[in-house]
1. Any chance you could count how many residues in the stretch 8-38 are within 13 Å of the chain's Cα centre (by Cα) and among the charged types (D, E, K, R)?
2. It is to be established whether one or more residues within the stretch 99-117 are assigned to a helix (DSSP H, G or I), more than 24 Å from LYS62 (Cβ to Cβ) and acidic (Asp, Glu).
3. Considering each residue of the stretch 65-99, count those that are at positive phi and either in contact with a Pro (Cβ under 6 Å, 6 or more places away or on another chain) or among the hydroxyl-bearing types (Ser, Thr, Tyr) (or both), and give that number.
4. Can you name the condition, by its number, that ASN72 falls short on among (1) surrounded by 15 or more Cβ atoms within 10 Å (Cβ to Cβ); (2) part of a helix (DSSP H, G or I)?
5. Does ALA124 satisfy the condition of being over 23 Å from ALA18 (Cβ atoms), open to solvent by 10 Å² or more (accessible area, probe 1.4 Å) and either in a helix (DSSP H, G or I) or among the aliphatic types (A, V, I, L, M) (or both)?
6. (1) at pLDDT below 95; (2) assigned to a loop (DSSP other than H, G, I, E, B); (3) open to solvent by less than 20 Å² (accessible area, probe 1.4 Å): which one isn't true of ILE33, the others all being true?
7. All but one of (1) open to solvent by less than 60 Å² (accessible area, probe 1.4 Å); (2) within 21 Å of ILE137 (Cα to Cα); (3) among the basic types (Lys, Arg) hold for ARG39, so report the exception by its number.
8. Would you point out which residue out of LYS21, LYS62 is in contact with a Gly (Cβ under 8 Å, 6 or more places away or on another chain) and either farther than 21 Å from ILE121 by Cβ or assigned to a loop (DSSP other than H, G, I, E, B) (or both)?
Amino acid sequence: MSCINRNQITEVVRNSKAAGKTLVFTNGCFDIIHAGHVRYLAEAKKLGDYLIVGLNSDRSVKELKGPNRPINHQDDRAEVIAALAAVDYVVIFDERTAENLINEVKPDIYVKGGDYCIEDIPEASIVANNGGKTVLIPEVPGRSSTNMIKKITETT
């Protein structure tokens, strides 16, 4: 339930692993937080002791999603995600992908949504090389940030 700086993640990981805790990690833009995200993060948390969420910075969202994104500033997105009961830590990263952050966290379990295939997730091999596994959580039907944003822009 806290936002931490990128340089603090190593200590969090070391202390958690020393205590024998299972680290679950996921990442994303979380541009417009909705019920699908809340359910997804709650399911992810059930897989371990601590859930760490890597949050794409505003700069990286813009690179990934285009010049009109993000909708919400990274500090606001981080605050909302950190307030969710399932989330233990939020850390913002600037890269397009979370590969470097995953190498730092070395999660026991890496979680992605069911709209992905494990074979198509480049981070999955990094997780496996560090002794972890990748788990897909089924999509929440009718809950998609991209579809919500599309709907909003069509009505304006």
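1. Result for the stretch 8-38: 1.
2. no
3. Within the stretch 65-99, the first condition is being at positive phi, and the residues that meet it are 66.
After this cut, where a residue has to be either in contact with a Pro (Cβ under 6 Å, 6 or more places away or on another chain) or among the hydroxyl-bearing types (Ser, Thr, Tyr) (or both) as well, the list is none.
Count: 0.
4. With respect to (1) surrounded by 15 or more Cβ atoms within 10 Å (Cβ to Cβ); (2) part of a helix (DSSP H, G or I), ASN72 is out only on (2).
5. Values: over 23 Å from ALA18 (Cβ atoms): yes; open to solvent by 10 Å² or more (accessible area, probe 1.4 Å): yes; either in a helix (DSSP H, G or I) or among the aliphatic types (A, V, I, L, M) (or both): yes.
For ALA124, the condition - over 23 Å from ALA18 (Cβ atoms), open to solvent by 10 Å² or more (accessible area, probe 1.4 Å) and either in a helix (DSSP H, G or I) or among the aliphatic types (A, V, I, L, M) (or both) - is met.
6. Looking at each condition in turn, ILE33 falls short on (3).
7. With respect to (1) open to solvent by less than 60 Å² (accessible area, probe 1.4 Å); (2) within 21 Å of ILE137 (Cα to Cα); (3) among the basic types (Lys, Arg), ARG39 is out only on (1).
8. Values: LYS62 fails: in contact with a Gly (Cβ under 8 Å, 6 or more places away or on another chain).
Checking each option against the conditions leaves just LYS21.
The values are calculated or read from the model by the stated rules, or taken from the named source; none is laboratory data. Just so you know, these numbers come straight off a predicted model, no measurement behind them. Cβ atoms come from the backbone with ideal geometry, glycine included; neighbour counts cover every protein chain shown. These accessible areas exclude ligands, DNA and RNA; they are computed on the full protein's heavy atoms, side chains included. Shrake-Rupley method; radii C 1.70, N 1.55, O 1.52, S 1.80 Å.
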